[in-house]
Each structure stands twice: as structure tokens, then as C-alpha cells.
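Q: Can you keep this structure in mind? I'll have questions shortly.
The values are calculated or read from the model by the stated rules, or taken from the named source; none is laboratory data. The structure displayed is predicted, hence computed values, not measured ones. Neighbour counts are summed over all protein chains in view; Cβ atoms, including those assigned to glycine, are modelled from backbone coordinates with ideal geometry.
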Amino acid sequence: MVKKTNTKRQLNLTESLISDMRVQITSSKLKPGDKLPTEQKLVEAYGVSRTVVREAIAALRADGLMESRHGVGVFVLVPPEKSDDFRFLDEDPGRASSVVETLELRAAVEIEAAMIAAQRRSPGQDARIRDCFQDTLEAVEGGRIAAASDFAYHIAIAEATNNPRFVEFLEYLGLRAMPRSQIERAYESVADAERRDQRLHGEHRAIMEAISQRDSVAAGEAMREHLKGSQDRYTRLIYSSR
């Protein structure tokens with residue numbers, strides 16, 4: 001059962017942290033190349049939870065304002081001249097074709113990424129995937145849109161390939177690659193969202209466990225089921241609302 005307590009407060013905390021960091025970047029208080037304080041220091045400085053910090057950083061990474069360097073930390077990037085070069089959806093967020101096309105593109109890359117991650121992941125990367133899985137679960141249980149945590153989960157898998165091109169691809173797509181960030185509030189009832197989240201968490205868990213067990217074939221199949229299943233779900237969701 002998805003909990004709805006403190007939903008607005010938690011969402012506002014994340015948005016407030018994102019806004020504050022954006023201001024620091026645009027005002028040059030945080031300059032390109034600067035390293036962010038540790039996650040724990042940000043938690044203490046802003047008085048928010050670890051999940052809120054991770055969601056905010058994931059959103060800023062998706063916008064090309066920050067990057068994570070494995071084993072080193074999170075760094076500020078030069079703000080991109082155009083943040084909307086890639087549009088996940090057209091002006092009409094109900095165009096099912098936009099959703100399906102992007103999910104097909106992701107599947108072509110992320111199925112292979114999951115297979116490679118199962119072969120190459122380090123213990124630390126395995127732990128990072130599990131942390132992101134838990135963050136997504138906590139975001140949903142807190143009644144928040146979990147797009148940023150979902151994005152961070154997929155980025156963690158891309159990082160576990162130890163091939164930076166997979167990460168660059170997902171960061172180029174950005175947060176718009178997560179359908180739930182664009183669609184769920186407009187089309188889903190609470191009950192539908194709860195059922196969908198249960199399925200998504202089951203799919204995420206299957207991917208995570210296959211990677212952890214270094215089962216490349218199972219990881220690829222679990223990612224295929226996840227992304228192909230999402231294509232079917234969102235197509236049905238949009239058309240059934242018309």
C-alpha cells in the first residue's frame with residue numbers, strides 16, 4: 001500500500017533542494033569542476049533525508065548540471081546551452097508514440113547494459129544499485145513521484161558496465177526518459193498507481209538480483225521484461241483514458 005502521508009512536504013523538500021542547487025550553479029557559487037559535499041554533509045546541512053538528497057542530485061544529473069565520478073564524488077558541470085535538445089514527449093504528453101519510441105530506444109541500449117553490468121559490476125556498484133532500488137521504494141512509500149530515484153537506479157546499472165558511454169546516453173535522455181515523470185499524475189488513479197508500482201518494484205528487483213548474481217542472461221531478460229512491459233502499460237494507460 002502506497003503511503004500518502006507528508007507527500008507534499010517531501011516533494012517540496014526535494015524541489016527546494018533542486019532549486020537551491022540550481023541557484024548556486026547559475027550564480028557561480030558552485031562553479032564547473034567544484035565537488036559537492038558528501039551525501040551525509042548535504043543531509044546535515046539541509047536537514048533532509050538521504051533519499052531527498054539523492055533525488056535532487058539525480059534530477060540535476062539528468063539536466064546535465066552535475067556528474068558522478070565513481071569512487072570520487074559528484075561534480076558540477078558547465079550548464080548546457082540548451083537543456084531541451086532531447087524532448088521525451090511533445091507538447092501533448094498524451095502522445096503514446098513518444099512514450100513507446102523512447103522506451104524502445106532505451107531497451108536497445110539498456111538490455112545490453114544490464115547484461116554487461118552483470119559481468120563487470122564491482123561489489124561497490126552492486127551496493128549502489130541496491131541503494132537506488134531502496135530509494136525508489138522509499139520515494140513511492142512516501143507518496144512522491146519516484147522519477148528521479150528511478151532514473152538514478154538505471155544510471156547505477158549503466159555505471160556498473162564500467163563503460164561511460166552507457167551513462168552518457170542515459171544522461172543525454174535525462175529525466176524525461178522516465179515515463180512516470182510525465183504521465184502518471186495525469187492518467188492514473190491511486191489504485192492503478194499502486195498496482196503499477198508493485199509490478200515495477202518486482203521488475204527492478206529481478207534486474208538487481210540477476211546483476212548481483214552475475215547472471216548476464218537473466219539480467220538482460222529481466223531488463224527486457226521491464227522496458228517492454230512499460231511500453232505495453234503506458235500505451236494501454238494512455239489510450240484507455242481517451
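Q: Within the group Ala222, Ala210, which residue is closer than 19 Å to Ala118 by Cα, in contact with a Ser or Thr (Cβ under 9 Å, 6 or more places away or on another chain) and at pLDDT 95 or above?
A: Ala210
Q: A follow-up question, please. Would you call Arg54 among the basic types (Lys, Arg), under 30 Å from Gly142 (Cα atoms), at pLDDT 90 or above and under 20 Å from the mean Cα position of the chain (by Cα)?
A: no
Q: I need the full set of residues from the stretch 14-43 which are outside any helix (DSSP H, G or I), at pLDDT 85 or above and of a type in the set (S, T, N, Q), in order please.
A: Passing the criteria: only Thr38.
Q: Ok, one more. Might you check whether a residue that is in the same structural domain as Asp215 (by TED's automatic domain parsing), at pLDDT 80 or above and either surrounded by fewer than 12 Cβ atoms within 10 Å (Cβ to Cβ) or out of contact with any strand residue (DSSP E or B) (no Cβ under 8 Å at 6 or more places or on another chain) (or both) occurs anywhere in the stretch 92-101?
A: Yes, that holds for at least one residue.
Q: Tally the residues that are part of a helix (DSSP H, G or I) and surrounded by fewer than 21 Cβ atoms within 10 Å (Cβ to Cβ), restricting the search to the stretch 152-166.
A: Summing the residues that are part of a helix (DSSP H, G or I) and surrounded by fewer than 21 Cβ atoms within 10 Å (Cβ to Cβ) in the stretch 152-166 gives 2.
Q: Among Ile116, Ile145, which is the only one that is surrounded by 16 or more Cβ atoms within 10 Å (Cβ to Cβ), at pLDDT 90 or above and either touching an Asp or Glu at 6+ places or on another chain (Cβ under 8 Å) or not polar (S, T, N, Q) (or both)?
A: Within the list Ile116, Ile145, the selection yields Ile116.
Q: Still on this model: Filtering the stretch 167-190 down to residues that are assigned to a helix (DSSP H, G or I) and closer than 17 Å to Ala139 by Cα, which residue is modelled with the highest pLDDT?
A: Residue satisfying both the conditions and the ranking: Leu175.
Q: Taking the stretch 141-158 as the search range and keeping residues that are touching a helix residue (DSSP H, G or I) at 6+ places or on another chain (Cβ under 6 Å) and of a type in the set (D, E, K, R), which one is farthest from Glu112 (Cα to Cα)?
A: Only one residue fits best here, namely Arg144.
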